[in-house]
Structures are given as structure tokens and as C-alpha cells.
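Accompanying notes for the structure given below.
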Amino acid sequence: MQADQSGATEAARKGADPHRLMDGEDPGTQSAQAAHQWLKAYAELLELEADLLDMIAERMPSMSDEARHEAEETNLPVIVTQMERFRYRLEFWRQRKQELGVSDSQPDGSPT
């Protein structure tokens with residue numbers, strides 16, 4: 001049980017760090033295709049968290065007071081923190097894509 005708790009604590013810490021990179025993520029890349037890949041990945045993760053938040057908000061009114069309180073104290077803050085991290089990283093990659101001179105009509109950097 002202790003190992004599970006320390007693993008969960010570490011996962012929560014990592015999830016809350018807006019500067020934490022995903023495996024393989026290189027903020028210094030010169031590749032427009034890589035920038036597009038990371039934009040897409042963070043957009044997908046942000047959408048996933050938003051869906052989870054919507055589902056919890058939908059279910060909370062029918063939950064017992066105890067369960068609702070626990071969800072408010074633990075589940076919601078974790079999801080909101082993750083969303084903040086994903087928004088931060090998504091904005092980083094939007095800026096990086098712009099620095100690389102890639103327009104929205106050229107998401108992968110290929111010529112139009």
C-alpha cells in the first residue's frame with residue numbers, strides 16, 4: 001500500500017508541474033512537424049481532461065454529500081491542475097510553431 005501511495009503522490013506531483021515534458025518532447029526542436037505533433041498531443045490531452053471534468057460535473061448532483069465532498073476535494077483539483085498544465089504546454093507549442101514560421105494552413109510545415 002505504501003508503494004502505491006508514493007507512486008500516486010509522484011504522479012500527482014508530475015501532473016502539476018507545468019514545465020514537465022512528455023517523453024520525447026524537445027522544446028528546442030527545429031522541426032515544424034514535431035511542433036505540430038506536440039500541439040496535437042496536448043490538445044488531445046486537454047480535451048480528455050475537459051471530458052472528465054464534464055462527466056464529474058454531470059454526476060456530482062446525484063452523488064451523496066460525502067462522495068461529492070471527496071470529489072470536490074480530490075478529483076476536481078487534480079483534473080483542473082492537469083488542464084492548466086496542458087494549456088500551458090499547448091501555448092508553448094503554439095508559440096514554438098509560430099517561431100518556426102509555420103502558418104495554421106501548414107500544420108506540418110509542408111508547402112501549400
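Only one residue in 43, 12 is at pLDDT below 95, in a helix (DSSP H, G or I) and not charged (D, E, K, R), so which one is that? Can you show your working first?
Numbers: 43 fails: at pLDDT below 95.
Exactly one residue qualifies, and that residue is 12.
Among the residues of the range 59-70, are any surrounded by 13 or more Cβ atoms within 10 Å (Cβ to Cβ) and within 17 Å of the chain's Cα centre (by Cα)?
Scanning the range 59-70, I find no residue that is surrounded by 13 or more Cβ atoms within 10 Å (Cβ to Cβ) and within 17 Å of the chain's Cα centre (by Cα), so the answer is no.
Pairs under 8 Å by beta carbon, first residue surrounded by 11 or more Cβ atoms within 10 Å (Cβ to Cβ) and of a type in the set (S, T, N, Q) in the range 1-30, partner modelled with pLDDT of 80 or more and outside any loop (DSSP other than H, G, I, E, B), six or more apart or different chains?
Short answer, once both residue conditions are applied: 29/35; 29/96.
Report whether or not residue 74 is under 28 Å from residue 10 (Cα atoms), polar (S, T, N, Q), exposed (fewer than 13 other Cβ atoms within 10 Å of the Cβ) and at pLDDT below 95.
Values: under 28 Å from residue 10 (Cα atoms): yes; polar (S, T, N, Q): yes; exposed (fewer than 13 other Cβ atoms within 10 Å of the Cβ): yes; at pLDDT below 95: yes.
So residue 74 passes the test.
Quick one: is residue 51 farther than 16 Å from residue 92 by Cβ and not in a helix (DSSP H, G or I)? Steps first, answer last, please.
Values: farther than 16 Å from residue 92 by Cβ: yes; not in a helix (DSSP H, G or I): no.
Answer is no for this residue.
The values are calculated or read from the model by the stated rules, or taken from the named source; none is laboratory data. This structure is a prediction, so every number in the text was calculated from the model and none was measured. Ideal geometry is used to build each Cβ from the backbone, glycine not excepted, and the neighbour counts take in all protein chains shown.
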